[in-house]
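Only one structure is covered here, and it is reproduced in the block below.
Bear in mind these aren't lab numbers, they're just calculated from the coordinates by the rules spelled out. The shown structure was predicted, so the numbers you read here are calculated from the model rather than taken from an experiment. Positions of Cβ are generated from backbone atoms using ideal geometry, with glycine treated the same way; all protein chains shown enter the neighbour counts.
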Amino acid sequence: MIRRHGGDRGQVGGVEVLPFGLLVFVVGTLLVANVWAVVDAKLAVDAAAREAARHFVEADVPAADDFDDASAGARRAGYEALAAHGREEARSSVELTGLESPTGQAGFTRCARATFTASYDVPVLRLPWIGGFGSGLDVTSRHSELIDPYRDGVPGSAEACS
Amino acid sequence: MSRGSLGRDGGSALTLMPAGLLIVLVLASIAVDMSLVHLRKRQAFELAAAAANDAATAAVDQARLRTTHDYVLDPERARAVVADVVAASELAPELAGPPVVTVSGAGVRVEVALDADYIFADVVPGAPDGTEVTASASATAAAGAAASAVP
């Protein structure tokens, strides 16, 4: 028995650290992977909110209070930006969260500030080829842009912008 | 090498594993912190570009435009527009200082500085808690086209 396994001096200094090493590796890897997943998701929702806001302020609308189609197109642009970053639409949302003119009225008017908010539910654990598990952090980004005061296709006058 | 004095070294190699794994994790932590700085840099640029893009049209001197047809930006109005954009942004609490707005004729240049906080380096004694990133963008309104922001 002793001849087959040899002495245990090396094992005393090594085997017992295996569970510790494994624990450090698994927990540390999950921690770093989750933080990176949040950073990566933040990049994606930043792009989605920006694209949605940009698409919205460049849209043509028939009337100041009729911007549903523009909003839907902007949201679609946001989801496409998320998809381009490899994100699932089921875990994400892109919404128009603010549209306010300089006079405080809601509507698609010149100089109105349109704000889009994009969010993504980052899974707790994400495995290659299998997907993500659990509901982790909700990563959110907000971007706003002014509707150009001098472009065509926008109802109203630009005088209120000054 | 005397077997009696040093013994076998088969098991002792295992002690290197936790150290090796820790080194890998520390390197990964540094990579994550650097990616945070990169994220802040991108956000700073996007904020500067959005502010410049808005100011290039919303800050025009309307009275002069309507009387002389000269498209010239009003510096005070440009600063106000940029301040509105920055205040409306979620990055407002991260600003390292007020944005710098430079107006030249029909063009405007916006420079933004943001604080970028580290996550992992923060736990190391003596290491900096974060860094400051700056980004600038300029925009000029062009006839018949949307204003374009360039870094």
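Summary table below
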quantity	calculated
Chain A: most fluctuating residue of A:Ser92, A:Ser135, A:Ser71 per GNM, C-alpha cutoff 10 Å	A:Ser135
Region B:51-151, dipole about Cα centre (Lys/Arg Cβ +1, Asp/Glu Cβ -1), debye to the nearest 20	620 debye
10 Å Cβ neighbours from other chains, averaged over peptide A:144-152	6
Linear extension gain, B:Ala96 paired with B:Ala19, 0.36 nm per residue minus alpha-carbon span	23.9 nm
Sites B:Ala63 and B:Ser35, calculated FRET efficiency, Cβ-Cβ separation with R0 41 Å, nearest 0.05	0.30
Principal-axis tilt of helix A:17-57 within chain A, Cα atoms, nearest 10 degrees	10 degrees
Additional length obtainable on full extension of the chain from A:Leu137 to A:Asp60, 0.36 nm per residue less Cα span	24.1 nm
Most fluctuating residue given options A:Val94, A:Val24, A:Val32, as computed from a GNM of chain A linking Cα atoms under 10 Å	A:Val24
5 angstrom amide H check on B:Asp61, placed H, neighbours 5+ away	B:Val72, B:Leu73, B:Asp74
GNM flexibility winner over chain A from A:Thr29, A:Thr97, A:Thr115 (Cα, springs under 10 Å)	A:Thr29
Charge dipole magnitude, Cβ of K and R +1, D and E -1 - region A:9-161, Cα centre, debye nearest 20	820 debye
Farthest positive-ward along region A:28-162 dipole, Cα basis, beta-carbon charges - from A:Ala74, A:Ala44, A:Val154	A:Ala44
Mean separation of Cα contacts under 8 Å, 6 or more apart, over the residue count of region A:9-161: relative contact order %	25 percent
Positive-pole candidate from A:Gly28, A:Ala106, A:Leu18, dipole of chain A, charges at beta carbon	A:Leu18
Positive-pole candidate from B:Ser138, B:Leu39, B:Val123, dipole of region B:11-150, charges at beta carbon	B:Ser138
Modelled FRET efficiency - R0 45 Å, A:Leu30 with A:Ala72, Cβ distances, 0.05 increments	0.75
Label zone at B:Arg42 (point 7 Å along Cα-to-Cβ), backbone N below 14 Å, region A:30-73	A:36-51
